[in-house]
Amino acid sequence: MATKLLLAKAHVEGIRHFEVYRREGGYAAVEKALKMEPAAIVEEVKKSGLRGRGGAGFPAGMKWSFLAKPEGVPRYLVCNADESEPGTFKDRYLMEFLPHLLIEGLVVSSFALGSNRTYIYIRGEYAWIVGILEQAIAEAKQNGFLGKNILGSGFDCEIYVQRGAGAYICGEETALIESLEGKRGNPRIKPPFPAIKGLWDCPTVVNNVETLAAVVPIMNMGGEEYAKIGVGRSTGTKLISACGNINKPGVYEIDMTISVEEFIYSDEYCGGIANGKKLKACIPGGSSVPILPANLLLTTAKGEPRLMNYESLADGGFATGSMLGSGGFIVLDEDQCIVKNTLTLARFYRHESCGQCSPCREGTGWMEKILGKIESGKGAISDIDLLWDIQRKIEGNTICPLGDAAAWPVAAAIRHFRDEFEWHVNNPELCQTQNFGLAHYADPIHVPA
Amino acid sequence: MAEAVKTVKVTIDNITVDVPVGTTILQAARMIGGDVVPPAMCYYSKLQGSGGKCRTCLVEVSKGSEADPRPMPKLVASCRTGVMDGMEVKNMTSPKVEDARNGVVEFLLLNHPLDCPVCDQAGECHLQDLGYQHGKQGTRYEFKRRTFEKHDLGPYIQLHMTRCILCYRCVFTADQLTDKRSHGILSRGDHAEIATYIEKSLDNNFIGNVIDVCPVGALTDKTFRFKNRVWFTKPVNAHRECKCCSGKVTLWQRGEEVLRVTARKDQWGEVEEWICNECRFEKKKTTDWTIEGPTHVSRHSVISQGHYENTIKPKETFTAVHGGRNPQLLMDIHSVSEVNDPSIDLSQINGPATSDVYNHSTKQA
């Protein structure tokens, strides 16, 4: 049985409400934290090795320690609940069922960072969760865990919930800050980083919902204990939202020591591929990370079994690896068409590009059109090379990571599934009625000695 | 305590220069000048917050600084990246930059209509220059290009969004020069457009400057539209007493007629001093202005053709040049050509064919 830190109490009746949450041991972290020095809490988070759960996996403690602390300038903590990555829905689950866990994490983190006004920027489509969070905030306030002079410590903290207006780009931290300030959600040009100049030009930390919730178990058990869970630099537990052609889609909490194979096939997690089909490919960390064919997903290029953690999934770089990303685990079975899948992703990124910088604005639309052409059987072999060239020119040349996020899925699809693209070009009529199927992707790859 | 201005050393394409702390790579390159200056489509030194968007000024930083010599992992936008002491930058000398810049230019031209033959900006268009420098002869784009309707932003300015490259310069200009900006970006992605919220007119006394800052032909002067090609007009510097602006402008004349008035621009194509709408749109007579002399035009510009800035007159008199002789004609062609010899019948000379020649030959046949 895997360790459960975040979702352990998720199924307790009425856990959404303060009384039940408190009875189950909630808000102990706040009580403990308010007796500590803020710097000691940051140190504790550093010791825990907690890495950002939003996608990039940057160590959270390190991010907190970068926060500038000029005299007389307010500091802000912003919770990034703009979870818009296709395939990712872990934060929704957390906020919907355990709103007080997030509030508790926010109070502790606000105290550690010295933020008296903390914002939750929530995705516009999560309309019903706003009410849940606001109710939780009101309950916490009534019971003295939020508001003025929390538990008599002299620390004031207010939490505000701000709804976005349905833009994927506002999940990028500087675009989020712009949007929170009431402006158009365009990413800012970095530097300066938010830790120096963020919300209203004040030092700001932006963290993912899951990262902030994970602060609670870190406070309760201590950073060193937390770091013992997991493996290597992937400490603690991670929420994985599994979806696609699996028997049991849903949000799972894993402790990052299990293998990908176990995660997909064991009954405790995904429960195998639906309808007895075979695994073809998988996008292991939300739509923007590179797709991996079954053989490379289950074992690394070196032939070792791949584990569900930051390092193992990234093993081999983008040539033979991928990323853990935000934990949106999308499984594709043998009936899925990679070209169509890539087209869907390309369409998404074209739609969500903010249009600020030229490679992303023009490139995403171009890629979608070429993919549409190939998918409908009108493509040429040269289009595949053109697609590769376009993604290469977008990647790394844009203001924010959306350009990379748009380029990587296309790059990985061509890198690993080029023969399927070529099949589409060479069989324009057949590809409209049939799928390419599994081909050799399910075979174990040959490892040169 | 007066502190001396601190300078740092930065090397761009193997040329080292001392610049003040806080200078950006692009500004440092402009201090060197010449070919090491990266092109900039969206950056405008007079506008705060501009830059970083078009990505044409990407450069490679091969050495971060003296203290931290690691190279930067990605190409950086030189217009928004500050220099560090001992930084080494590669612009012209980096194949990576060349490749990325070609890509960016291709992206910028992807949906551009390329209607230069009918575009008023042609000849002074930054995108045209960039296209000549980095563009390919053909396009790899085979789909329908994005188009927009033309909009009139008030009586003087026309917005032709199809040509726009979304540099945001006009938005920053309106933001920083006028009290109330009433235009901005609507929509997002490849359908983002510069617009007023539902076709309002822009009526601020300084709004005409958006025409000058536009690097392409998206914002054009309606008083000049289709009047002339810029390379046929002669730019002269002129000034007038103006209550609200400096009154220092460039007049674009053809003969005595003033076809267009713009602000004066420096060698980077940036406005030196903003001018008001009255100077720009309403003073279209030579008598309104005190003319200072021809504007300097770079010899690389098409506008410099037939544009004489410093005509040199001979100091000696004509007779002195000819050694005391005072010829009546410069070259006495009359004595050489038989055309002017009255004793020869013109029809005997092999001149151009006339109808007589034709009639004569048909009669014979």
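Every number in this text was worked out from the coordinates using simple rules, so none of it is lab data. This structure is a prediction, so every number in the text was calculated from the model and none was measured. So basically every Cβ, Gly included, is an ideal-geometry build from the backbone, and we count neighbours across all protein chains shown.
For the stretch A:13-44, which GluC sites (Glu not before Pro) are in a loop by DSSP, counting at most 16 other Cβ atoms within 10 Å? Filter output for the stretch A:13-44: A:GLU13, A:GLU24.
Work the Kirkwood hydrodynamic radius out for the protein assembly as shown: mean of 1/r over every pair of different alpha-carbon atoms, inverted, in Å.
The answer is 30.7 Å.
Taking only C-alpha pairs under 8 Å that are 6+ residues apart, what is the relative contact order of chain B in percent?
On the way: 601 pairs, mean separation 42.0, N = 365.
It rounds to 12 percent for chain B.
Roughly speaking, what is the centre-to-centre gap between the stretch A:290-318 and the stretch A:211-249 when only Cα atoms are used, to the nearest Å? Spelled out, the Cα-based centre of one part sits 19 Å from the other.
Normalising the Debye intensity of the stretch B:38-166 to I(0), with uniform scatterers on Cα atoms only, and taking log10 at q = 0.10, 0.14, 0.19, 0.21 Å⁻¹ returns -0.41, -0.73, -1.14, -1.29. Please work out the FRET efficiency for the pair B:GLU98 and B:THR311, using the Cβ-Cβ distance as r and a Förster radius of 41 Å; give the result to the nearest 0.05. Once rounded, the FRET efficiency stands at 0.50. Projected over every direction and averaged, the convex hull enclosing the alpha-carbon atoms of chain A yields 21.4 nm². Amide H to amide H, with H built 1.01 Å from N, B:LEU259 comes under 5 Å of B:TRP252, B:GLN253, B:ARG254, counting only residues 5 or more places away or on other chains. Where only DSSP H runs of four or more residues are counted, chain B gives -4500 deg cm²/dmol as its mean residue ellipticity at 222 nm, each run worth -39500 (n - 2.57). Along the stretch A:80-94 the Karplus relation, 6.51 cos²θ - 1.76 cosθ + 1.60 evaluated at θ = phi - 60°, assigns HN-Hα couplings of 8, 10, 8, 7, 10, 5, x, x, 10, 8, 6, 5, 4, 4, 4 Hz to successive residues, with x for each Gly and Pro. Put simply, the amide H of A:ARG117, placed in the peptide plane, has neighbours under 5 Å in A:LEU77, A:GLU158, leaving out anything fewer than 5 places away on its chain.
Straight Cα distances below 18 angstrom link B:LYS9 to the aspartates and glutamates B:ASP18, B:GLU60, B:GLU66, B:ASP68, B:ASP85, B:GLU88, with same-chain residues fewer than 8 positions distant left out. Distance from the Cα centre of the stretch B:269-291 to that of the stretch A:136-198, in angstrom? Spelled out, the Cα-based centre of one part sits 48 Å from the other. Annotation note: GluC sites (Glu not before Pro) in the stretch B:213-286 located in DSSP loop regions with a Cβ neighbour count of at most 15 within 10 Å are B:GLU241, B:GLU256, B:GLU272, B:GLU273. Once the other residues with Cβ under 10 Å from the Cβ of A:ARG75 are scored (Lys, Arg +1; Asp, Glu -1), what is the net sum? Around A:ARG75, the charge tally is +2. Take the Cα of B:PHE148, step 7 Å toward its Cβ, do the same at B:VAL321, and the gap between the two points is 5.5 nm.
Out of all DSSP beta bridges in chain A, what portion is antiparallel? Express it as a percent rounded to 5.
Working: 18 of 41 bridges.
About 45 percent, rounded to the nearest 5.
Between B:LYS284 and A:GLN142, the C-beta separation translates, for a Förster distance of 60 Å, into a calculated FRET efficiency of about 0.25.
With a cut-off of at most 16 other beta carbons within 10 Å, and DSSP calling the residue loop, which GluC sites (Glu not before Pro) in the stretch B:80-168 qualify? Please list them.
Details: sites: B:GLU88, B:GLU98, B:GLU106, B:GLU124, B:GLU142, B:GLU149; in loops: B:GLU124, B:GLU142, B:GLU149.
When the GluC sites (Glu not before Pro) of the stretch B:80-168 are filtered for loop state and at most 16 Cβ neighbours within 10 Å, B:GLU142, B:GLU149 remain.
If you take all other residues with their beta carbon under 9 Å from the beta carbon of B:PHE107, and give Lys and Arg +1 and Asp and Glu -1, the sum is +1.
Amide H to amide H distances under 5 Å link B:THR295 with B:VAL236, B:ASN237, where only residues 5 or more positions off or on other chains count and H is placed in the peptide plane. Over the stretch A:234-333, the reciprocal of the mean inverse Cα-Cα separation, the Kirkwood hydrodynamic radius, stands at 12.9 Å.
What are the equivalent ellipsoid semi-axes of the stretch B:7-106, built from the alpha-carbon gyration tensor (square roots of five times its eigenvalues), in whole angstrom, biggest first? Don't skip to the end; give the middle numbers.
Values: eigenvalues 73, 51, 29 Å².
Semi-axes (√(5λ), whole Å): 19, 16, 12.
The modelled label-to-label distance between A:GLU134 and A:GLU37, using points 7 Å beyond Cα along the C-beta direction, is 4.1 nm.
By DSSP, the beta bridges lying fully in the protein assembly as shown are antiparallel in about 70 percent of cases. Cβ-Cβ distance of A:GLU262 and B:THR139, R₀ of 41 Å, FRET efficiency by 1/(1 + (r/R0)^6): the value works out to about 0.25.
Within chain B, which is the longest segment containing none of the chymotrypsin sites (Phe, Trp or Tyr not before Pro) that sit in a DSSP loop and have at most 12 other Cβ atoms within 10 Å? With a cap of 12 other Cβ atoms within 10 Å, the longest stretch comes to B:1-196.
One-quarter of the Cα convex hull surface for the stretch A:5-63, in nm²? List each step's numbers first, then the result.
Details: hull surface 20.5 nm².
Value for the stretch A:5-63: 5.1 nm².
Rounded to the nearest whole Hz, the Karplus-based 3J(HN,Hα) values (6.51 cos²θ - 1.76 cosθ + 1.60, θ = phi - 60°) of the stretch B:48-60 follow the sequence 5, x, 7, x, x, 9, 7, 6, 7, 8, 4, 9, 9, with x at glycine and proline. Taking a Cβ cut-off of under 12 Å around A:LYS373, the surrounding Lys, Arg, Asp and Glu residues balance to a net charge of -2, with basic ones at +1 and acidic ones at -1.
Secondary structure note: in chain B, about 95% of the DSSP beta bridges are antiparallel.
So for the stretch A:18-227, considering every pair of alpha-carbon atoms, how many percent are separated by more than 30 Å? Here the tail beyond 30 Å accounts for 14 percent of pairs. For the stretch A:338-433, what class follows from the C-alpha gyration tensor (a ≥ b ≥ c being the square roots of its eigenvalues): rounded when a/c is under 1.5, otherwise prolate if a/b is larger than b/c, else oblate? Here the stretch A:338-433 falls in the prolate category. Considering all C-alpha pairs of chain B, those separated by over 28 Å amount to 58%.
The aspartates and glutamates within cross-link reach of A:LYS47, meaning a Cα-to-Cα straight distance under 13 Å and a gap of 8 or more places when in the same chain, are A:GLU224, A:GLU225. Note on chain A: with charges restricted to the Cβ of Lys and Arg (+1) and Asp and Glu (-1), its dipole about the Cα centre is near 740 debye. Around the Cα centre of chain B, unit charges on the Cβ atoms of Lys, Arg, Asp and Glu (plus for the first two, minus for the last two) sum to a dipole of about 860 debye.
Using just the helices of chain A, give the 222 nm mean residue ellipticity in deg cm²/dmol: DSSP H runs with n ≥ 4 each add -39,500 (n - 2.57), and the total is spread over all residues, rounded to 500. Intermediate values should be presented prior to the final figure.
On the way: 19 runs with 191 residues, N = 449.
Result for chain A, helices only: -12500 deg cm²/dmol.
So which of A:LYS9/A:LYS141; A:LYS9/A:LYS277; A:LYS238/B:LYS53 end up more than 31 Å apart by C-alpha? Display every interim value, and only then the final one.
Working: A:LYS9/A:LYS141 22 Å; A:LYS9/A:LYS277 34 Å; A:LYS238/B:LYS53 36 Å.
Pairs exceeding 31 Å: A:LYS9/A:LYS277; A:LYS238/B:LYS53.
Across the stretch A:101-115, coupling constants 3J(HN,Hα) worked out from phi with the 6.51/-1.76/1.60 Karplus curve, θ = phi - 60°, read 5, 5, 4, 4, x, 5, 5, 4, 5, 4, 5, 5, 9, x, 9 Hz, and Gly and Pro carry x.
Relative to the longest principal axis of the Cα atoms of chain A, the long axis of helix A:338-352 makes an angle of roughly 50 degrees.
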